[in-house]
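Here is the structure we will look at, set down as structure tokens.
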Amino acid sequence: MARGPGEWADMANRFFTTKIAFRVTVVGAMAGLTVLLKDWAGGPQCKSKVRMEGKTVIITGSNTGIGKETAMDLAHRGAKVILACRDEKKALKARKEIITESGNPRVVFRKLDLASLKSIRDFASEIDIEEENVHVLVNNAGIMRCPEWKTEDGFEMQFGVNHLGHFYLTNLLLDKIKASAPSRIITLSSLAHHRGEINFDDLNSKENYNKSQAYSNSKLSNVLFTHELSKRLKGTGVTANSVHPGIVRTELSRHMGISKSYFSSFFWGPINYIVLKSPKQGAQTVIDCAVNDKLEDVSGKYFKDCAKVECNAKGKDDDVAKKLWQVSAEIVGLAEKQDEEENKMIYNNH
């Protein structure tokens, strides 16, 4: 029996409706899978509900990325948060956003350029005068795989900012941090520290600059710095730990070719969105190390995904860590003070 025009129209309508429904279902399933994959790749979250009223926190490089998300979280917890940043315009914008979202007005900006020893001294002096306490210092700022640049004082940029800048800053603030105990120092490192090498004959990478190797060297320096610092802080009530935040989508990759290529960004962008952590996800281990009351007495450890893990054996070499500390102190002009303190300790122990 021949079908009428109306029947053909109904069949066509059902066909296209079913096809559209199928496509919508597939798209929905893919979207759901994407969310699940992203949550899985993002790792665990800090579960601590600790409040931070009455605490003062300094976070370097906190106008964007992991630093900003850490600042946002700690501001939500009631802490006074000091955004220690080089770019005033970006920092003030971040400050406004953090205050608006957290409802906490105790968020302030202080100028700090880790590529300048003078800027670090000025910042530390300002903190010493204006702040009664510093309970948490987060050494977050960094630069990765940049061209062969020098800091204001002539240091290779990655070693100068990632290691020397934070080494100098931490030492200048150490008396204030000790007086505020219990307190914590958290330094961001990276899985890249596994590839790092400490060549005391060429810390500035003058002989053969490789931007990737220089970055890895600076990240190993972060772990060694934390290792030695934790030993020097025993009995003070101050802990020092280092963190691998994961592979995170931040401005840290701005000097990498993939960030500059439109084709690469177009091709890899969706994949990176799924497999790379967001800044908020990347901040979770940093936040956990800053607030988790179970970590109050934990020091000299390396953390990843909100848990203690083993760093590379190179990061626990006592002799290299001690020598790196001594050389770094000499480079930034702290050697004389360090010698005085060590002589005082020897005298007191006898």
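The values are calculated or read from the model by the stated rules, or taken from the named source; none is laboratory data. Note that this is a predicted model, so its numbers are computed, not measured. All Cβ positions, glycine included, derive from the backbone under ideal geometry; neighbour counts span all protein chains shown.
Overview of results
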{"quantity": "Unique match (being surrounded by 17 or more Cβ atoms within 10 Å (Cβ to Cβ) and assigned to a strand (DSSP E or B)) among Val138, Val134", "calculated": "Val138"}
{"quantity": "Residue match in the stretch 152-162 (condition: under 16 Å from Lys211 (Cα atoms) and small (Gly, Ala, Ser))", "calculated": "yes"}
{"quantity": "Residue satisfying all of: in the stretch 289-309; part of a loop (DSSP other than H, G, I, E, B) and under 18 Å from the mean Cα position of the chain (by Cα); farthest from Ser190 (Cα to Cα) among these", "calculated": "Asn292"}
{"quantity": "Scan of the stretch 48-96 for residues that are free of Cβ contacts under 8 Å to residues at least 40 places away in the same chain, part of a loop (DSSP other than H, G, I, E, B) and crowded, with 24+ Cβ neighbours inside 10 Å, ordered by number", "calculated": "Asn63"}
{"quantity": "Test for Ile186: is it under 19 Å from Glu296 (Cα atoms), aliphatic (A, V, I, L, M) and either at pLDDT 95 or above or assigned to a loop (DSSP other than H, G, I, E, B) (or both)", "calculated": "yes"}
